[in-house]
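K.L.:
One structure is given below, represented as structure tokens, and several questions about it will come after.
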Amino acid sequence: MNGQAQESGYIQIRWIPKYTFIERFLHWVHTASFIPLVVTGLVLYLPLLQPLAQGEAGLWMRLIHRLAAILFIAEPVLYGIVQPRRLWLNIKEFGLDRDDLGWVKNAFGYYVLGRHDDMPPQGRYNTGEKINGLVMIVSWAAFVITGLIMWFGKGIVSAEVFRWMVVLHDITMIVAVCMFLVHLYLAVAHPLMWAALVSMRFGVTSASYAAEHHAKWYYGPKRARELYQAKKKPTR
Amino acid sequence: MDRRNFIKLSGAGLGISLVSSHYLLRAGSAPQGLAILYDASLCVGCRACQMNCKSWNKLPAESTDRRRIYESPRNLSERTWTLIQLRSATPGQEPRHRFWNKQCMHCTEAACVQVCPTGAMYKHPLGFTAYDENKCNGCGYCTQACPFRVPHLQISNILTGRAKAARCTFCQDRVPLGQKTACVEACPVAALVMGDRNKLLEEGKKRVAALQEKGFKKANLYGELEAGGLHRLSVLVDEPAAYALVSGIQIPPLINLWQRIIRPAGKFVMGITIVGIIAAWVIIRRNIKMEEVE
């Protein structure tokens, strides 16, 4: 059973490493900056929160937004400085192949209906995680560029440019918040993804979880495909 | 609900929310209420309006940069809400001094009101664009949205971003009490008058016709249709461009797109995401037997 021994009465889980301490630490730094950024930003967006945007409270919201922004900007930069090889290793995982197409076809059945068997084998990051990662990288850059121009560029850049920055910051927020909501749901509430939160807390994932969800990472691409074909055949 | 129906329904919902928000914001935009009429053909450039504005609103003095012979200070600022500017003739034309009273135009479709996230900028029932300083959080969106570049930020701390917007308020602390604005009260030649906008519109057109008869062929009334109708109308003796004004200027299109389409659509998309996640969670909880999960 995928290197996992079940003896009388208890399950023994074999743990394999997935994230370094720095990666986990910076993930939570990112979380601790992103959530205050969203909250202090939404006061300008949702009429329900408008009282928090007004007067003295609003001045505090703007200050907190900027302080959190410093963390938000610094975190990926620190990662690149402290663990550049790990960063490169993670970026290399972002390649796409036919299994990503298979993921898209089967995602609804897999994540909503719980149909396991048709999902093609996935790498260290599955297609959804790759989409999440890409959205995060692009939205991080968009947030930082538009945000810094709004912070320091008022009166320096033209009003036209400033207005575009405000609007692009808004659009980026809408995309990033939707992605974050899905990410949060899969991490904390989705019954199949129980190991996600474990690996972001302790840096390890269970071997059987890795075999099930990240077969190309666990077995290697060739063996993963063989196993997938073998699993698929009887049902067809 | 299957996937096809879900997509259909969400598309319909998106359409309805876009259309409805568009009409809600469009409603009630016919310019009514008070206005100021500035007649550039009568203005003698004495700057009594500028002085009285500073005096009534308790605005501190500004140092001038000495680079302009007449204009002091050079432009509107957080401390100068009414300013007399001098527009000299363009080269090749007959030399003529054209005075221009620069102040808030009190647009009916006001960009500052549209972008203000706190409600500090708002349309007063009497028609002008009022301002509640206590609500302002100093974000400065108004300073970048105004097509006339009127609002300015009073920045008190660059590091923390502590700031307040400032601009002409149509003397909101005088006018509702039945008084005239400080600038109108001060004008010795009645180049500035205040009254019902519809009446001033007629008055302005009469003055333009009279000027044209006198030989000022390019005389025109500025502000009838600009930005949904301005509550600061201007009789100009020359084309608007000679006063650095844009004929027919409206609220920047990007601001309309942002406030009327992108923001409501964003709320809808985020709402659908939350509803979709909850629905997906309910379904997967039924379909999964936790004992079989690896």
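The values are calculated or read from the model by the stated rules, or taken from the named source; none is laboratory data. These numbers come from a predicted model, not from an experiment. All Cβ positions, glycine included, derive from the backbone under ideal geometry; neighbour counts span all protein chains shown.
K.L.:
Looking at (1) surrounded by fewer than 18 Cβ atoms within 10 Å (Cβ to Cβ); (2) more than 30 Å from B:Asn256 (Cβ to Cβ); (3) under 16 Å from the mean Cα position of the chain (by Cα); (4) at the interface with another protein chain (Cβ under 7 Å from one of its Cβ atoms), can you tell me which one A:Leu197 breaks?
P.N.:
Evaluating A:Leu197 over (1) surrounded by fewer than 18 Cβ atoms within 10 Å (Cβ to Cβ); (2) more than 30 Å from B:Asn256 (Cβ to Cβ); (3) under 16 Å from the mean Cα position of the chain (by Cα); (4) at the interface with another protein chain (Cβ under 7 Å from one of its Cβ atoms) leaves (4) as the failure.
K.L.:
Sort through B:Leu14, B:Leu76, B:Leu25 and tell me the only one that's hydrophobic (A, V, I, L, M, F, W, C) and either loosely packed, with under 15 Cβ neighbours inside 10 Å or at pLDDT 80 or above (or both).
P.N.:
On the way: B:Leu14 fails: either loosely packed, with under 15 Cβ neighbours inside 10 Å or at pLDDT 80 or above (or both); B:Leu25 fails: either loosely packed, with under 15 Cβ neighbours inside 10 Å or at pLDDT 80 or above (or both).
Answer to the check: B:Leu76.
K.L.:
Now for a separate question. With (1) touching a residue at least 24 places away in the same chain (Cβ under 8 Å); (2) among the hydrophobic types (A, V, I, L, M, F, W, C); (3) within 14 Å of chain A (Cβ to nearest Cβ) as the list, and B:Ile158 as the residue in question, which single condition is left unmet?
P.N.:
(1)
K.L.:
Then there's this: Working carefully through the options B:Thr64, B:Thr129, find the one that is in contact with a Ser or Thr (Cβ under 9 Å, 6 or more places away or on another chain), among the β-branched types (Val, Ile, Thr) and within 25 Å of B:Val193 (Cα to Cα).
P.N.:
Numbers: B:Thr64 fails: within 25 Å of B:Val193 (Cα to Cα).
Answer to the selection: B:Thr129.
K.L.:
Suppose we filter the range B:170-179 for residues that are part of a loop (DSSP other than H, G, I, E, B), touching a Ser or Thr at 6+ places or on another chain (Cβ under 8 Å) and not aromatic (Phe, Trp, Tyr); how many remain? Talk me through it step by step, then tell me what you get.
P.N.:
Pass one, the range B:170-179, residues part of a loop (DSSP other than H, G, I, E, B): B:170-174, B:178-179.
Those left that are additionally touching a Ser or Thr at 6+ places or on another chain (Cβ under 8 Å): B:170-171, B:174.
Now restrict to residues that are not aromatic (Phe, Trp, Tyr): B:171, B:174.
Summing the residues that are part of a loop (DSSP other than H, G, I, E, B), touching a Ser or Thr at 6+ places or on another chain (Cβ under 8 Å) and not aromatic (Phe, Trp, Tyr) in the range B:170-179 gives 2.
K.L.:
Does the range B:240-247 contain any residue that is within 14 Å of chain A (Cβ to nearest Cβ) and either assigned to a helix (DSSP H, G or I) or β-branched (Val, Ile, Thr) (or both)? Write out each step before concluding.
P.N.:
The first filter runs over the range B:240-247 and keeps only residues within 14 Å of chain A (Cβ to nearest Cβ), leaving B:246.
Going one step further and asking which of them are either assigned to a helix (DSSP H, G or I) or β-branched (Val, Ile, Thr) (or both), we end up with B:246.
For the range B:240-247, residues within 14 Å of chain A (Cβ to nearest Cβ) and either assigned to a helix (DSSP H, G or I) or β-branched (Val, Ile, Thr) (or both): present.
K.L.:
Let me ask something else about it. Within the range B:189-222, count every residue that is surrounded by fewer than 20 Cβ atoms within 10 Å (Cβ to Cβ) and in contact with a Phe, Trp or Tyr (Cβ under 8 Å, 6 or more places away or on another chain).
P.N.:
Residues that pass the stated criteria total 0.
K.L.:
Show the residue pairs meeting these rules: Cβ distance below 8 Å; 6+ apart or different chains; first residue within the range A:120-144 and farther than 15 Å from A:His30 by Cα and modelled with pLDDT of 95 or more; second residue hydroxyl-bearing (Ser, Thr, Tyr) and buried (at least 18 other Cβ atoms within 10 Å of the Cβ).
P.N.:
Pairs that qualify, where the first residue is farther than 15 Å from A:His30 by Cα and modelled with pLDDT of 95 or more and the partner is hydroxyl-bearing (Ser, Thr, Tyr) and buried (at least 18 other Cβ atoms within 10 Å of the Cβ), are A:Ala142/A:Thr172.
K.L.:
In addition: Among the residues of the range A:165-189, write down those that are more than 7 Å from chain B (Cβ to nearest Cβ) and under 20 Å from A:Val138 (Cα atoms). Reasoning before the result, please.
P.N.:
The first filter runs over the range A:165-189 and keeps only residues more than 7 Å from chain B (Cβ to nearest Cβ), leaving A:165, A:168-169, A:172-173, A:175-176, A:179-180, A:183-184, A:186-188.
Answer for the range A:165-189, where residues must be more than 7 Å from chain B (Cβ to nearest Cβ) and under 20 Å from A:Val138 (Cα atoms): A:Met165, A:Leu168, A:His169, A:Thr172, A:Met173, A:Val175, A:Ala176, A:Met179, A:Phe180, A:His183, A:Leu184.
K.L.:
For B:Thr160, are the conditions met, namely being under 30 Å from A:Gly155 (Cα atoms) and either out of contact with any strand residue (DSSP E or B) (no Cβ under 7 Å at 6 or more places or on another chain) or part of a helix (DSSP H, G or I) (or both)?
P.N.:
Values: under 30 Å from A:Gly155 (Cα atoms): yes; either out of contact with any strand residue (DSSP E or B) (no Cβ under 7 Å at 6 or more places or on another chain) or part of a helix (DSSP H, G or I) (or both): yes.
Taking the combined requirement at face value, the residue satisfies it.
K.L.:
Between B:Ala186, B:Ala182, B:Ala166, which is touching a His at 6+ places or on another chain (Cβ under 7 Å), buried (at least 17 other Cβ atoms within 10 Å of the Cβ) and modelled with pLDDT of 95 or more? Full working, then the answer.
P.N.:
Details: B:Ala186 fails: touching a His at 6+ places or on another chain (Cβ under 7 Å); B:Ala182 fails: touching a His at 6+ places or on another chain (Cβ under 7 Å).
After ruling out the rest, the residue left standing is B:Ala166.
K.L.:
Does the range B:253-266 hold any residues that are surrounded by fewer than 16 Cβ atoms within 10 Å (Cβ to Cβ) and in contact (Cβ under 8 Å) with a residue 60 or more places away in the chain, and which are they?
P.N.:
B:Ile261
K.L.:
So which residues in the range B:109-135 are closer than 26 Å to B:Glu239 by Cα and surrounded by fewer than 24 Cβ atoms within 10 Å (Cβ to Cβ), if there are any at all?
P.N.:
B:Glu109
K.L.:
Within the group A:Gly220, A:Gly147, which residue is surrounded by fewer than 17 Cβ atoms within 10 Å (Cβ to Cβ) and more than 10 Å from chain B (Cβ to nearest Cβ)?
P.N.:
Values: A:Gly147 fails: surrounded by fewer than 17 Cβ atoms within 10 Å (Cβ to Cβ).
The unique qualifying residue is A:Gly220.
K.L.:
Now a separate question. Can you give me the ranges of the helices (runs of 4 or more DSSP H) entirely in the range A:1-109 with at least 1 residues that are touching a residue at least 40 places away in the same chain (Cβ under 8 Å)? First the steps, then the outcome.
P.N.:
Numbers: elements: A:21-42, A:50-53, A:55-82, A:84-92.
In the range A:1-109, the matching helices (runs of 4 or more DSSP H) lie at A:21-42, A:55-82, A:84-92.
K.L.:
Give B:Cys112, B:Cys104 a once-over and let me know the one that is outside any strand (DSSP E or B), out of contact with any Asp or Glu (no Cβ under 6 Å at 6 or more places or on another chain) and either farther than 18 Å from B:Cys53 by Cβ or outside the structural domain of B:Arg47 (by TED's automatic domain parsing) (or both). So that I can check it myself, show each step before the final result.
P.N.:
Numbers: B:Cys104 fails: either farther than 18 Å from B:Cys53 by Cβ or outside the structural domain of B:Arg47 (by TED's automatic domain parsing) (or both).
Selected residue: B:Cys112, the only one of B:Cys112, B:Cys104 that is outside any strand (DSSP E or B), out of contact with any Asp or Glu (no Cβ under 6 Å at 6 or more places or on another chain) and either farther than 18 Å from B:Cys53 by Cβ or outside the structural domain of B:Arg47 (by TED's automatic domain parsing) (or both).
K.L.:
Going through the range B:116-154 one residue at a time, which ones are in contact with a Cys (Cβ under 8 Å, 6 or more places away or on another chain), outside any loop (DSSP other than H, G, I, E, B), aliphatic (A, V, I, L, M) and facing another protein chain (nearest Cβ under 8 Å)?
P.N.:
B:Ala145
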